1. Within chain A, which whole H helices from DSSP have a Cα span along their axis of at least 27 Å and a mean Kyte-Doolittle hydropathy of 1.0 or more, if any?
2. In 10 Å bins starting at 0, how do the alpha-carbon pair distances of chain C split up by percent?
3. Can you pull the one-decimal nm distance between simple spin-label points at A:Leu33 and C:His238, each 7 Å off the Cα toward Cβ?
4. Go from 0 up to the bin containing the longest alpha carbon distance in the stretch A:41-347, width 20 Å each, and give me the % of pairs per bin.
5. Ordered by packing density, taken as the mean number of other Cβ atoms within 10 Å over each peptide's residues, highest first, how do B:15-26, A:228-239 rank?
6. What is the Cα convex hull volume of the stretch A:82-121 when expressed per residue in Å³?
7. What's log10 of I(q)/I(0) for the stretch A:263-324 at q = 0.16 Å⁻¹, Debye sum over Cα points only, no solvent?
8. So for the stretch B:217-262, what are the equivalent ellipsoid semi-axes in whole Å, largest first, each being the square root of 5 times an eigenvalue of the Cα gyration tensor?
Amino acid sequence: MTASSKYRDLVTTYGEDLQLFRTGVRKFWFGLLVVGLAALPWAAAELGGNYLLYLVNLTAIAAIVAMGMNLLLGCAGLISLGHAAFLAVGAYTAAILANRLGLPVWMTVALSGLVTGGIGVIVGLPALRIKGLYLGLATLAFQFITDHVIVHAETLTGGANGMIVPAPALGSFAFDTDLRFYYIAAPLALLLGLAMVNLQRSRFGRALVAIRDSDVAAEAVGVNLARYKTLAFGVSAAYAGVAGSLLAHYLGYIGPDHFTVMKSIEYVVMIIVGGPGSILGSLLGAIFVTWLPEVMRFGEEALRSFFPHLVFPDLRAIVMGLVLILFIAFEPEGLAGRWRKIREYWTTWPF
Amino acid sequence: MDTLIQASLSGVAIGCVYSLVALGFVLIYKATGVLNFAQGELMMVGAYIYFSLVTSLDMTPLLAFGATLVLAGLLGALVERLVLHPLVDEPPFTLVMVTIGLATLLRAVTGMIWSHDTFAFPSPVPEGAVHLGQVAVPLVDVWTMAVTVVLSLLLFLFFHYTRLGTAMRAVAQNRYAAQLMGISVDRIFTLTWALAASLGAIGGMLLADISFLHTNMGFIGLRAFPAVVLGGMESIPGALLGGLIIGLIESLAGVYLDPILGGGTHQVLAFVILLVVLMLRPTGLFGATLEKRV
Amino acid sequence: MSRVLDVAGLDGGYGSVQILKDISLHVDEGEFVTIIGPNGCGKSTFIKVIFGIATHYRGTVKHRGESIAGWRTDQLVQRGIAYVPQVDNVFPGLNVRENLEMGGVRLPPTLLEERISRALEMFPDLQPRLHDTAASLSGGQRQMLAISRALISDPTFLLLDEPTAALSPLYQEQIIERIDSLREKGITILIVEQNARLSLARSDRGYILANGEVVHTALASEILDDPHINEYFLGTLHD
């Protein structure tokens, strides 16, 4: 007999725990999400025209990056301070493939993901020997070295001038408007999100959490540290690579300025603001980091009257720095954590 | 041969700057356990303060120098009190993230106030060079080396012959015991940040003098990281030596490697060295072995 | 004449973990009192609660009639109470002289010099090693350094946490003997020890702690002769 509705949320078997959509309620909400996402661009276009849609697209791309970073930082506890470098690898790979080989978009994106994932595994190899802070330093070094290679390998990357990237196309249908691009970016982000949820619940995900808590204990229960750490880097990098390739096709042009250390820091802020370890956190962080500086634009003119040298990137950076510090100080579990606490509060309210 | 000597000497000069930055890192790390990613930015702010004092307020170099040290020290103390101190019990990784946020803030605010243009630095040292045979050593390089030597000496005397300096060493070695003896660990932390900021300011003034004033100076400070790691994170002589080594390698690479591998190689070399050191000997040349206690 | 230390009904522990239950004990002027007990019985915790390092939940802790419960360490040091922890009690990278200086970091230089000379008189073994780093000292010498460092603040009440732990028998004797001799300078001593016999031999009175409670108290000589001492240790016997 089925359990009474009161207990429907209780998980009684392991198999149930692994199921992606446990209850009918969850399936309903997910369906609503899909419908909402499909309708979103029309609403955005109504409200704010193309610029708003542009931000939505950027958010989708950022969400993909955040999900990858969250796997690394939130689950495995491995610090990446140079994640923009992975985006760069993905973006330039896509650009080169599209320009030199004329490959269609689905191939460039997939290949970029693979290539970047491969590089991620290689970068992850030193991670086996280096811990914590030192790993952060190493990833930062990787970022700067990548910066340097981008600027100096001119024949490959166009150097400081960057590269032009053709818009994504399927046959003769080009996704060259913001609205059309949305229907590549959003579904892809959704798909990758589902994949990440699955991954986190799998043996792989659990192994990563074990590693985060204690290397030594994890090894003691038979977790192959080497394999999982490098895989974590690989998957995380692959996500960033996919995001990078999407970015390249969307912007139509990439240059070294798109992948600076400041961008890497923004990705870290995304994770901290959203909340380490959760998919919801990735999304919330991506939204926050993409939209907050835009909101701050309203104050930009006012601020510029006091500081005539103010440029938007500075305003962005100030917001990022403040947000980072404030969230660490006051909201270390991020927005997702706060949301969880609010939900808990409401469900236990009478007590 | 002359090129070698020339490159080496200019390498030592820039190495001195790296040493000072590395010194700032090590001071804070030793005492508080925090790796201050904003050390490069503190260096940058110091240089800008001096710049404004001299160009906008027409201060004499000596007065401006003193005022910069004081203002930088105050900034360091303020940062410690307002941002680090409330978070003192957080794990080191969290505090490092906070310093990254700080670095971002400092750089953006500096750009907001002064813009991101490049400025020529009002040098207290006359133009010209010292000539040793065929080798010409710019006076500013000599000045940098001299300041660094004097500073190192003063710091040594401070840490070993004054009570405050000894107390700072004590706190760095054993915070717990220091607290039990009634030493105010809080005050020592604040002083450490103030000192590191002032040191950074001196490094910044020297760097801006050697090259130019620009908001990217903080990134150059990051090139001192390999020096810190090479020196073993907690060793002051190690940091000084590490900085000189990095400077030398960079300079020599600039002369000998750049023509082969393309311009700018020497700039990224520091990070390649960092990666190599981290992978081969993360505890540096002087550091203690990292033990993992279970 | 109020007691140097008067503790009644003390509950204490670390954060939310309670270790001590209803401890009552006292130390009178000029006494040498030893607290003994098996590992984990809470004797170290007790000293730490007194000195403000562990958490005091409830109960009275009075020093010469005034409550010192929850006081900060620097306030206690000013009252003439000094504490020598079991480990981490010296600065390994500083030399002997610098370690001693840190014991009196706020004192004017001449007074500090006086106190340092006095401490060296009491522990002459340290004199030849004045400029050697604390890390290079032997265990026994390091302990002497820790104790002499505590004396710099001119305490009248000294709390020591297992001063003879991990020392060779020769040094153990020496340390206890020196601690005993401090009484001639008018210092009251409270020791927490594993080496029961050695410390009790020179003490006036003793307390046995087990499972966070005082299970027995008597004159030191009585405890030494007591055939049931083991049972107290195991907690199978309780007053």
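1. Working: long enough: A:24-69 (37 Å, 1.34); A:105-127 (32 Å, 1.75); A:132-152 (30 Å, 1.19); A:178-201 (34 Å, 0.96); A:225-251 (38 Å, 0.88); A:279-306 (40 Å, 0.89).
Those that clear 27 Å and a mean of 1.0 are A:24-69, A:105-127, A:132-152.
2. Computed distribution, short to long bins: 8, 33, 37, 19, 4, 0.
3. With each label placed 7 Å out from Cα toward Cβ, I get 5.6 nm.
4. Bin by bin from 0 Å, the calculated values are 33, 59, 9, 0.
5. B:15-26, A:228-239
6. Working: hull volume 1.9 nm³, N = 40.
Each residue corresponds to 49 Å³ of Cα convex hull volume.
7. -0.51
8. Numbers: eigenvalues 106, 28, 10 Å².
In descending order the semi-axes read 23, 12, 7 Å.
The values are calculated or read from the model by the stated rules, or taken from the named source; none is laboratory data. Computed from a prediction, not measured in an experiment: that's the story for all the values here. Don't worry about glycine lacking a Cβ; one is built from the backbone with ideal geometry, like all the others, and counts go over all protein chains shown. Just the protein is used for accessible areas: all its heavy atoms, side chains included, with ligands, DNA and RNA removed. Shrake-Rupley method; radii C 1.70, N 1.55, O 1.52, S 1.80 Å.
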